[in-house]
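K.L.:
Sharing a structure, written as C-alpha cells. Questions coming.
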Amino acid sequence: MSSMKDLVSIVTGASTPNGIGNAIAKRFAEAGASVFLVAEGTTAQLELARQECMKYPGAGRIEYGVFDLAEPGAAERMVEEGRKRFGRIDVLVNNAGIRSYQKFGDFSRADFEKSVAVNLAAPFFASQAVLPVMRGQGGGRIINIASQLGRVTFEKRALYGLTKAALIHLTKSMALELGKEGIVVNSISPGPVKTQPVLDRMQADPADAQRRIDSYMPAGRFGEPAEIADLALYLATTKATFLQGEDICIDGGYTIH
C-alpha cells in the first residue's frame, strides 16, 4: 500500500456506514494519513467513523467536523477549519453527494437547487478555497467523486446525472488551469457500488438486483466501496502525475456497452 504518512486529507461525505467517503477515509488512515472527516450527519456517526479510522496502527490525526455543504459558504468554512486544525491540506476529496430520483417533469426547483448545491457548488467552492493552501505548499491533489451516470443516462436520473456530468467537466477545467502549479486534479466515476441504499434495494428485491447485474454488469457483480477507495488512494499518492484531468470510470463494465 502506498504511504500517506505526513499527508493531510479532507474527505467529505465521510460518515455514512458502507459509504464511499467512509471507505476512502479508512483507506487513507490505513495508509498513514491524517484525515478531516466531514459530513452533515450527526456527531455520533462521525465519531464512529473516527474510531474506525483510528483502528489502523499507522493512522495520523483523525478529526471531524459537521458541515451542511448545501449552505452557501459551508465549503469555504470547512476548508478553513481543516487548515486551522492541521496546518496544511494535501488532498481534498469532494465525495459528498445527494440523489434525487424522479421522472423528468416531476423535479421541483428545490430538488434542482439542493442537488446543484451539494453535488456541484460544494466541490467548486471547496476546491477554490483550498487553492491558497496548496499553492503555499507547492502542490496538492484534488479528487472529485463523480458517477458513471455523468457519462450515460438512466431513467429518473436526469438531475443527478446532470450534476455529475458537470463535475466531470469541472475536473477537466480545473486540471487545465492548475496542473502547472503542481495541483493535480482527477475524478472517479463509480458504477453501481454496494453502498447502503444499494444493499437495501438488493435485500428488498434480490431478483431485480440480479436482473440489473445480468443486464448491465460484465463483471457479474456490483462494486465494493473499498474498490473505489483503492483508486482514490492511487490518485492521492501516485508519482505518475502525468495523469491529470481524467475521469476514471470504475463501473464493472457498465458503460462499455
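K.L.:
Are there any helices (runs of 4 or more DSSP H) wholly within segment 59-162 with 1 or more residues that are of a type in the set (Gly, Ala, Ser) and touching a strand residue (DSSP E or B) at 6+ places or on another chain (Cβ under 9 Å), and if so which?
P.N.:
74-86, 122-137
K.L.:
Given Gly138, Gly105, Gly150, which one is surrounded by fewer than 21 Cβ atoms within 10 Å (Cβ to Cβ), of a type outside the set (A, V, I, L, M, F, W, C) and within 28 Å of Thr241 (Cα to Cα)?
P.N.:
Residue meeting the stated conditions: Gly138.
K.L.:
Looking at segment 1-29, which of its residues are in a helix (DSSP H, G or I), among the aliphatic types (A, V, I, L, M) and under 12 Å from the mean Cα position of the chain (by Cα)?
P.N.:
Ile20, Ala23, Ile24, Ala25
K.L.:
Separate question: Would you tally the residues in segment 37-58 being of a type in the set (Gly, Ala, Ser) and in a strand (DSSP E or B)?
P.N.:
Qualifying residue count for the region: 1.
K.L.:
Can you list residue pairs whose Cβ atoms sit under 7 Å apart, with the first residue in segment 173-185 being under 18 Å from Leu231 (Cα atoms) and modelled with pLDDT of 95 or more and the second being of a type in the set (Gly, Ala, Ser) and assigned to a helix (DSSP H, G or I)? Count only pairs 6 or more apart in sequence or on different chains.
P.N.:
Final answer for the pair search is Val185/Ala175.
K.L.:
Then there is this: Tell me yes or no: at least one residue of segment 181-192 is surrounded by 18 or more Cβ atoms within 10 Å (Cβ to Cβ), within 22 Å of Ala121 (Cα to Cα) and touching a Lys or Arg at 6+ places or on another chain (Cβ under 7 Å).
P.N.:
Yes, there is a match, as at least one residue in segment 181-192 is surrounded by 18 or more Cβ atoms within 10 Å (Cβ to Cβ), within 22 Å of Ala121 (Cα to Cα) and touching a Lys or Arg at 6+ places or on another chain (Cβ under 7 Å).
K.L.:
Mind listing just one residue for me: the one in segment 149-172 that is out of contact with any helix residue (DSSP H, G or I) (no Cβ under 6 Å at 6 or more places or on another chain) and among the basic types (Lys, Arg) and, of those, modelled with the lowest pLDDT?
P.N.:
Out of the qualifying residues, it is Lys156.
K.L.:
Could you tell me whether any residue of segment 50-67 is closer than 22 Å to Leu199 by Cβ and within 16 Å of the chain's Cα centre (by Cα)?
P.N.:
no
K.L.:
Quick check on my filter: what residues within segment 220-240 are surrounded by 13 or more Cβ atoms within 10 Å (Cβ to Cβ) and either of a type in the set (A, V, I, L, M) or part of a loop (DSSP other than H, G, I, E, B) (or both)?
P.N.:
Phe222, Glu224, Ala226, Ile228, Ala229, Leu231, Ala232, Leu233, Leu235, Ala236, Thr238
Residues checked against (1) farther than 16 Å from Asn144 by Cβ; (2) among the small types (Gly, Ala, Ser):
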site: Gly179; (1), (2): no, yes
site: Val185; (1), (2): no, no
site: Pro192; (1), (2): yes, no
site: Thr195; (1), (2): yes, no
site: Asp200; (1), (2): yes, no
site: Pro218; (1), (2): yes, no
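K.L.:
If Thr42 meets every condition in (1) surrounded by fewer than 16 Cβ atoms within 10 Å (Cβ to Cβ); (2) modelled with pLDDT of 95 or more apart from one, which number is that one?
P.N.:
For Thr42, the exception is condition (2).
The values are calculated or read from the model by the stated rules, or taken from the named source; none is laboratory data. Note that the coordinates shown come from a computational prediction; the quantities given were computed from them, not determined experimentally. Counting neighbours? That spans all protein chains shown, and the Cβs are built from the backbone with ideal geometry, glycine included.
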